[in-house]
Amino acid sequence: MNLKPPGATAPNPDDLLVLLAVARTGRFTTAAETLGLNHTTISRRIAALEKDLGGRTLARTVGGWELTELGRKAVRAAEDVETAVATISEGEAEAGRIAGVVRISATDGFSAFIIAPAVAQLRRKHPNLSVEIVNVTRRALQHRSGLDLEVVVGEPQVHRAEAIRLGYYTLGMYASRRYLDDFGTPAGVKELSAHGLVYFVDSMLQVDDLDAPRRLVPGMPDALSSTNVFVQVEATRAGAGIGFLPCFMADRHPDLVRLLPGDFAERLPYWMVLRPDSLRQPAVAAVAQALRRRMLEVEDALLGNEVLDS
């Protein structure tokens, strides 16, 4: 992987690992605590890395620091450095001990699009690894007995746990082409009130960040509600109503049309939550790294910036 534009110098591996810590939390202060450094040192190391690479690796947002395109490339290199250091520190015998069962709690869509392919690739190298996925859409648990790792939507408020921001995805309004032929295409937000909504069961929704359609279009009646996002997608394709769906799932279907993208592009974060000691377990650490890598690989699809092949 070539990170160097013309005139840039090779980055310091230690600085890459500092960037990796910031990318996982979105905050200099949290990264400093994780690495046992102070905020000033983190800032200085990031500045040194950006000087070596000849460009910005981070951009400030309301929710914290986010990676630029150059930053994403640097983080992929940093993960390789992290893996190499772990292998040296643990020895070949330790590196080969990525085995056993890792249990994950996550949403349906994340499990299918991120966890499944990430684990499939990981098991090619570590066939003794087994992953169990519990599908649920909820807030992060305060006590995660029996779980090694949770993935939730929205920033978790947890104690005695490590929370790592994995990245973002976008929700948009979709309808099937046949539905639009039969009932017309809404020209604006107000016209949506004449159409039924396909979305989560309101009374069972535990995640405040997912209340967007009821907040943005309060007059839109429920048509079909389900706790399973795959049911929501198929109901929308079948013409049950207009669905508020993850772009990375809806864009895979050519029979679905995205509506009013300028008005409906709800960007939400995925966060990973672990017990403080979990990342010291080789199998859990390997799965966590595989999920981060997959998130970076498919970032455009998650954000609705590209249409996937069906």
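Bear in mind these aren't lab numbers, they're just calculated from the coordinates by the rules spelled out. Just so you know, these numbers come straight off a predicted model, no measurement behind them. Here Cβ is always computed from backbone atoms with ideal geometry, including for glycine, and neighbour counts include all displayed protein chains.
Restricting the calculation to Cα atoms, the stretch 214-310 shows an Rg/Rh of 1.06 when the hydrodynamic-style radius is the Kirkwood one.
For GLY196, the residues 5 or more places off, or on other chains, whose built amide H falls under 5 Å of its own are ILE242. Using 0.36 nm per residue and subtracting the Cα-Cα separation, the extra length available between ARG97 and ARG252 on full extension is 52.1 nm. Calculated on the alpha-carbon coordinates, the convex hull of the chain measures out at 145 cubic angstrom per residue.
The modelled label-to-label distance between ASN305 and ALA194, using points 7 Å beyond Cα along the C-beta direction, is 3.6 nm. Summarising the label geometry, the points placed 7 Å from Cα in the beta-carbon direction at LYS125 and ASP222 lie 4.5 nm from one another.
How much of the DSSP beta bridge set in the stretch 168-267 is antiparallel, as a percent to the nearest 5? In the stretch 168-267, approximately 65 percent of DSSP beta bridges are antiparallel ones.
Rounded to whole numbers, the Karplus 3J(HN,Hα) couplings from phi for the stretch 98-112 are 7, 8, x, 9, 10, 9, 10, 10, 7, 6, 4, x, 4, 4, 6 Hz, using 6.51 cos²θ - 1.76 cosθ + 1.60 with θ = phi - 60°, and x at Gly and Pro. Taking every DSSP bridge with both residues inside the chain, close to 65 percent are antiparallel. Mean separation of Cα pairs under 8 Å and 6 or more residues apart, divided by the residue count, gives the chain a relative contact order of 21 percent. Contact order, relative form, for the stretch 168-267: 50 percent (alpha carbon pairs under 8 Å, 6 or more residues apart, mean separation divided by residue count).
Dipole magnitude for the stretch 168-267: computed about the Cα centre from +1 point charges on Lys and Arg Cβ and -1 point charges on Asp and Glu Cβ, it is near 180 debye. Modelled label positions at GLU33 and TYR168, each set 7 Å beyond Cα in the direction of Cβ, lie 2.4 nm from each other.
Comparing mean-square fluctuations of GLU69, GLU50, GLU79 from a GNM of the chain with C-alpha springs under 10 Å, the top value falls on GLU69.
Note on the stretch 168-267: Kirkwood radius taken over Cα pairs, Stokes-Einstein applied at 25 °C and 0.890 mPa s, translational D equal to 186 µm² s⁻¹. Where the alpha-carbon atoms of the stretch 168-210 are placed on the principal axes, they occupy 34, 25, 20 Å, in descending order. Dividing the summed helix terms, -39500 (n - 2.57) for each DSSP H run of n ≥ 4, by the number of residues in the chain produces a 222 nm estimate of -11500 deg cm²/dmol to the nearest 500. Subtracting the Cα-Cα distance of MET204 and THR61 from 0.36 nm times their residue separation leaves 48.4 nm of extension gain.
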